[in-house]
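The structure under discussion appears below in the form of structure tokens.
None of the figures in this text is laboratory data; all of them are computed from the coordinates on show. Keep in mind that what you see is a predicted model, and the values were worked out from it rather than measured. Because the Cβ atoms are built from the backbone with ideal geometry, glycine has one as well, and the counts that use them run over all protein chains shown.
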Amino acid sequence: MKKNVASCLPSTTSRKPVNELIIIALLAVIVFICSWQFDIIEQILDFMEKYEKYELDEIVSVMIFLAVALSVFSYRRLKEAKHSQNDLSRQCAELEKALLEIKQLKGILPICASCKKVRNDKGYWQQVEVYLQKVTDAEFSHGLCPDCAEHALSDLEEYRRT
């Protein structure tokens, strides 16, 4: 189940903000052409002089401010999307590396009921520790559980008495 980094990333992570900026730029060009063709600003100025009580000059100022603010926020969103995409690609690479390091045991493992040796894929019997080290990259340290330690000590004491 190996995946590459590109498959971890959403395909539209950075396209959406770029598309929005392109749409905003196209709309700005369309507004420019329309205002050039129909002298919209001059008509607005004439309307504002004629109807001064409506305070349209302040409304135009607010519209210009909102246009600038929209541009700033769109640019900021684009930068955040690129940053998020970089984070996702880094995390995906880390997950891919971890996936390569994982080894799993699956299925039925034949083990001797008496000596606890395990039969490997080639049919040879070997110690459980050796088999698991090869299959899982696990390392073992040996010790005695409390029951076995007690049993070993009682055997040792019995041996010393004789």
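Values computed for the structure shown
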read-out: Calculated diffusion of segment 118-161, Stokes-Einstein form, Kirkwood radius summed over Cα pairs, 20 °C and 1.002 mPa s, µm²/s; value: 166
read-out: Full-extension gain in nm, TRP125 to CYS112, via 0.36 nm per residue minus C-alpha separation; value: 3.8 nm
read-out: In Hz, Karplus ³J(HN,Hα) per residue of segment 148-155 (6.51, -1.76, 1.60; θ = phi - 60°; x = Gly, Pro); value: 5, 5, 4, 5, 5, 5, 5, 5
read-out: Residues ALA93 and ILE22, FRET efficiency given R0 of 41 Å [Cβ-Cβ distance, rounded to 0.05]; value: 0.85
